[in-house]
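K.L.:
Here it is, the structure, as structure tokens.
Here, each number is a calculation from the coordinates, and none is a lab measurement. It should be emphasised that the depicted structure is a prediction, and the values quoted were computed from it without experimental measurement.
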Amino acid sequence: MKLGGAKRRMAIAAAALCGAAIAAPPAQAGLLVDTVDSCSAPTSKPFAKFGDYADYKAVPGGSFEVGDAAWKLSRASIVSGNESYYVRKSSDRRSLKLTPLASATSPAVCVGIEHPTLRYFVRSSGLLPAMTVEVLAETELGAIVPVPIGAGLLGSNWRPSGKHLIIANLLPLLPDNYTPVAFRFRAVTGTWYIDDVYVDPMRRG
């Protein structure tokens, strides 16, 4: 069966990551391992009203509220205006804004290595807006490798994203079959707003 261009690139990148992990010498702590918080975190069902009853945990700083963990921003900004469903708190008031060529990278988060997925709320504006989403995974050498996992969902109104499958099946770098990752959102064209970023950390049997 032939793969489309995007799927082919994702498969190649995932294979390269797996090969790097298998061929690497004993694990060496890198930036993501050094900075990730505890792998234990409370979960909720923020997408239940949309038919997704999976448990998710918040990506650090992913609500973009005052006092949250800081994301690394390049030409991006935190602005007034929360996603319209207020799935985290009714008092939330802010979101992330990405203009063309802007990017935002999350702090490290601990996920299970089998089938974790990423979801968030998004809206866009402009002529033919385009946005890419990457997972930044760490090899056992401590190198951080970006892997494309999806694209932004078009629409001028707030809506939940699709499920972005994190396909970088690295060997576990932390106990209990967990690995630290970060996420990077990059606007190619148009203006994008992101809010309430969650990851499904649960291992599937």
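K.L.:
Enumerate the calculated ³J(HN,Hα) couplings along the stretch 89-101 in order (Karplus 6.51 cos²θ - 1.76 cosθ + 1.60, θ = phi - 60°), each rounded to whole Hz, writing x wherever the residue is Gly or Pro.
P.N.:
Computed from phi, the couplings for the stretch 89-101 are 8, 5, 8, 5, 9, 10, 8, 9, 10, 10, 9, x, 6 Hz.
K.L.:
Which residues' amide hydrogens lie under 5 Å from the amide hydrogen of GLY190, considering only partners 5 or more residues apart or on another chain, with H built in the peptide plane?
P.N.:
Close amide H contacts, sequence-distant or interchain: ALA130.
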